[in-house]
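These notes concern the structure reproduced below.
The values are calculated or read from the model by the stated rules, or taken from the named source; none is laboratory data. Keep in mind it's a predicted model, so treat the numbers as computed, not measured. Here the Cβ is made from the backbone with ideal geometry for all residues, glycine too, and neighbour counts use every protein chain on show. All accessible areas refer to the heavy atoms of the entire protein, side chains included, with ligands and DNA or RNA removed. Shrake-Rupley method; radii C 1.70, N 1.55, O 1.52, S 1.80 Å.
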Amino acid sequence: MRTPSSSAAPAAPAAPAASAAPTASGGTPGAARYGLSREARNLHWLLTNLVEEVPGILSVAVVSSDGLLLLSSDPGQNAERPAEAPKGPRGSSADLATIVSGLGSLTVGAAKLMDGGPVKQTMVAMEEGSLFVMTVSDGSLLGVHATPDCDMSVVAYHMALFVGRAGHVLTPELRSELRQSLEDAR
């Protein structure tokens with residue numbers, strides 16, 4: 001499946017102020033809670049919008065090139081976890097991060113064996129769900145767990161928009177900050 005070029009993505013609107021109200025999923029933005037930088041708050045805001053605006057998305061994880069969870073739609077990782085929050089694989093964003101990292105690694109190896117060039121995205125359609133993995137930058141990955149009846153082209157399109165908006169700001173310093181905020185949240 002071909003997705004629109006991420007370079008054509010419109011600029012991301014400014015993230016809400018640190019004193020933002022609770023999100024529609026019931027949690028407060030993790031950025032407000034942990035005093036993150038403006039770039040980190042923007043990424044949290046973009047991820048929250050991805051989950052809330054795209055029908056069928058159950059959970060999202062941004063994973064570093066070494067497989068560490070950087071950002072998650074799981075309110076249990078970024079803030080208080082509401083009881084009605086949708087569950088991802090085994091209900092854990094860490095599980096989704098592990099799956100995304102492993103699948104990303106597998107597809108990169110396959111692409112090398114096939115001389116296929118860099119992997120841009122991977123989609124897995126299952127009877128009870130869908131899994132999407134897309135390269136963000138420097139080997140970081142965006143993983144989405146969605147319902148089996150989601151519109152795959154809409155999910156892939158919005159993932160490409162996220163990558164276009166987030167890829168250039170996901171610097172080593174920001175990855176370190178996001179990783180530290182997840183560790184502090186535990």
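Here the condition is being at pLDDT below 75, open to solvent by 30 Å² or more (accessible area, probe 1.4 Å) and in contact with a Leu (Cβ under 7 Å, 6 or more places away or on another chain); of Ala32, Ala12, it holds for Ala12 alone.
Among the residues making up the range 89-131, those that are farther than 18 Å from Ala156 by Cβ, open to solvent by 50 Å² or more (accessible area, probe 1.4 Å) and not basic (Lys, Arg) are Asp95, Thr98, Ser105, Leu106, Val108, Leu113, Met114, Asp115, Gly116, Glu127, Glu128.
Need pairs with beta-carbon distance below 9 Å; first residue without any contact (Cβ under 8 Å) to a residue 24 or more places away in the chain and within the range 134-160, second open to solvent by 30 Å² or more (accessible area, probe 1.4 Å); sequence gap 6+ or separate chains. Short answer, once both residue conditions are applied: Pro148/Ala125; Pro148/Met126; Pro148/Glu127; Pro148/Glu128.
Taken together, the residues in the range 136-186 that are within 11 Å of Val62 (Cβ to Cβ) and β-branched (Val, Ile, Thr) amount to 3. If the condition is being in contact with a strand residue (DSSP E or B) (Cβ under 7 Å, 6 or more places away or on another chain) and either among the aromatic types (Phe, Trp, Tyr) or at pLDDT 90 or above (or both), then the range 78-98 contributes Leu96, Ala97. The residues of the range 132-167 that are touching a Ser or Thr at 6+ places or on another chain (Cβ under 7 Å) and open to solvent by 50 Å² or more (accessible area, probe 1.4 Å), listed by number, are Asp138, Pro148, Met152, Tyr157.
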